[in-house]
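For reference, the structure discussed in these notes is given below.
The values are calculated or read from the model by the stated rules, or taken from the named source; none is laboratory data. As the structure is a computational prediction, the values presented were derived from the model and not from experiment. Cβ placement follows ideal geometry from the backbone for every residue including glycine, while neighbour counts extend to all protein chains displayed.
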């Protein structure tokens, strides 16, 4: 017996004892006016329909998952929700549907059950969730929208919404504080570098504008504090993402700060977040060896997740968009930026001297706020893409 518990509902496998509520629901022609083919017209028809749902629950190769929804406190039958699956190129397509008795509509029960079932579906191999409704059925459309689904097809009388696993993870990461999220194919990288995992998720969070405006001359205490705060936020985000994917049955590794540092003085990593970011289409490596994004410039901190989940990926960024710009090269107080443009596969040493940067950053941190941190931020502050975001009006 499968049971899913939400704050107010128990969603479980159907039982033959559900027949009174099942018949009341399925024989209500007004309530099921948009799906006439699912209506029943007698108690016998409802019993047969319920028996099919009960039988499906005991099928060892189950592809149809029909559940009864009841109130947690009173165990009163309020409706049904379920899905059917079919194989697609990456995983399973799950078609979801739900019906509530009229007396229990308009109370958020459908959305509550819908969100619970989404998690159950992803945990059972579904990689794309599909739902649809009549174009006149505004209530059902709102449930799909609240569940994070997006409209993919609009026909004369029918709307179709979908939610992929990658979209769900991205949406939840953004809801928890991420500003940019991208998913990339890592299979072109050496197997040992990526831990045998083919997919990378990059997560970025941005600095506040006033913090970056404040480091035009020297790093500040506010910049130092946000540097550490954003790193902590990223660790939390990628840990949540990895644990969620693990709960769905996939391998996943959160590339937290304790995971990625290797080499002398932690200056090198086996798989830098920036590499995952370029594979995930987030941005490119600037001449200062920082990630540059079109939206926020380089005023972001980033982290990543490695996984074998069959997520939809985007085209990678393999070329720099810095062009002939030399602003960060000329502004670098350490002279660490060579001015050479990045391209995929080019070693960092060809464009940037990390040792020079590190030693000068320590001096500048001491000058700026008397701290022993290794932070500078000069190249972030002067990047034209950063300036473009700083100068943009509030959205």
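Taking only region 85-104 into account, find how many residues are exposed (fewer than 14 other Cβ atoms within 10 Å of the Cβ) and modelled with pLDDT of 95 or more.
Total satisfying the criteria: 2.
Mind counting the residues in region 129-149 that are closer than 16 Å to residue 169 by Cα and surrounded by 22 or more Cβ atoms within 10 Å (Cβ to Cβ)?
Final tally of qualifying residues: 2.
Across region 380-395, what is the total count of residues that are assigned to a loop (DSSP other than H, G, I, E, B) and surrounded by fewer than 18 Cβ atoms within 10 Å (Cβ to Cβ)?
Going through region 380-395 one residue at a time, the tally reaches 4.
If you take the residues of region 362-379 that are touching a residue at least 40 places away in the same chain (Cβ under 8 Å) and assigned to a helix (DSSP H, G or I), which of them is surrounded by the most Cβ atoms within 10 Å (Cβ to Cβ)?
Filtering first and then ranking leaves 379.
Kindly evaluate residue 19 against the criterion of being surrounded by fewer than 19 Cβ atoms within 10 Å (Cβ to Cβ), farther than 25 Å from residue 163 by Cα and in contact (Cβ under 8 Å) with a residue 60 or more places away in the chain.
On the way: surrounded by fewer than 19 Cβ atoms within 10 Å (Cβ to Cβ): yes; farther than 25 Å from residue 163 by Cα: yes; in contact (Cβ under 8 Å) with a residue 60 or more places away in the chain: no.
It is false that residue 19 is surrounded by fewer than 19 Cβ atoms within 10 Å (Cβ to Cβ), farther than 25 Å from residue 163 by Cα and in contact (Cβ under 8 Å) with a residue 60 or more places away in the chain.
Search region 156-178 for residues being within 20 Å of residue 140 (Cβ to Cβ) and touching a helix residue (DSSP H, G or I) at 6+ places or on another chain (Cβ under 8 Å), and hand back the single one that is surrounded by the most Cβ atoms within 10 Å (Cβ to Cβ).
Only one residue fits best here, namely 163.
Matching residues to (1) touching a residue at least 24 places away in the same chain (Cβ under 8 Å); (2) more than 12 Å from residue 94 (Cα to Cα):
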residue: 125; (1), (2): yes, no
residue: 129; (1), (2): yes, no
residue: 137; (1), (2): yes, yes
residue: 146; (1), (2): yes, yes
residue: 150; (1), (2): no, yes
residue: 153; (1), (2): no, yes
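Regarding residue 210, is this residue assigned to a helix (DSSP H, G or I) and in contact with a strand residue (DSSP E or B) (Cβ under 8 Å, 6 or more places away or on another chain)?
It is false that residue 210 is assigned to a helix (DSSP H, G or I) and in contact with a strand residue (DSSP E or B) (Cβ under 8 Å, 6 or more places away or on another chain).
Name every residue in region 322-342 that is surrounded by 15 or more Cβ atoms within 10 Å (Cβ to Cβ) and either closer than 26 Å to residue 190 by Cβ or not assigned by TED's automatic domain parsing to the domain that holds residue 271 (or both), in order of residue number.
Result: 338, 341, 342.
Anything in region 30-52 that is assigned to a helix (DSSP H, G or I) and surrounded by 14 or more Cβ atoms within 10 Å (Cβ to Cβ)? List them, or say none.
45, 46, 47, 49, 50
Give region 83-135 a look and list any residue that's touching a helix residue (DSSP H, G or I) at 6+ places or on another chain (Cβ under 6 Å) and assigned to a loop (DSSP other than H, G, I, E, B), or say none.
Within region 83-135, 101 is the sole residue that qualifies.
Does region 53-72 hold any residues that are surrounded by fewer than 17 Cβ atoms within 10 Å (Cβ to Cβ) and either free of Cβ contacts under 8 Å to residues at least 40 places away in the same chain or assigned to a strand (DSSP E or B) (or both), and which are they? Before the answer, list the steps.
Initially, region 53-72 is screened for residues surrounded by fewer than 17 Cβ atoms within 10 Å (Cβ to Cβ), giving 54-55, 58-64, 71-72.
Selection gives 55, 58, 59, 60, 61, 62, 63, 64, 71.
Being surrounded by fewer than 21 Cβ atoms within 10 Å (Cβ to Cβ), outside the structural domain of residue 249 (by TED's automatic domain parsing) and more than 20 Å from residue 21 (Cβ to Cβ) narrows it down to one residue among 115, 107, 75; which is it?
Testing whether each residue is surrounded by fewer than 21 Cβ atoms within 10 Å (Cβ to Cβ), outside the structural domain of residue 249 (by TED's automatic domain parsing) and more than 20 Å from residue 21 (Cβ to Cβ) leaves just 115.
Give the residues of region 284-326 that are in a strand (DSSP E or B) and closer than 16 Å to residue 345 by Cα, sorted by residue number.
Across region 284-326, the qualifying residues are 284, 285, 291, 319.
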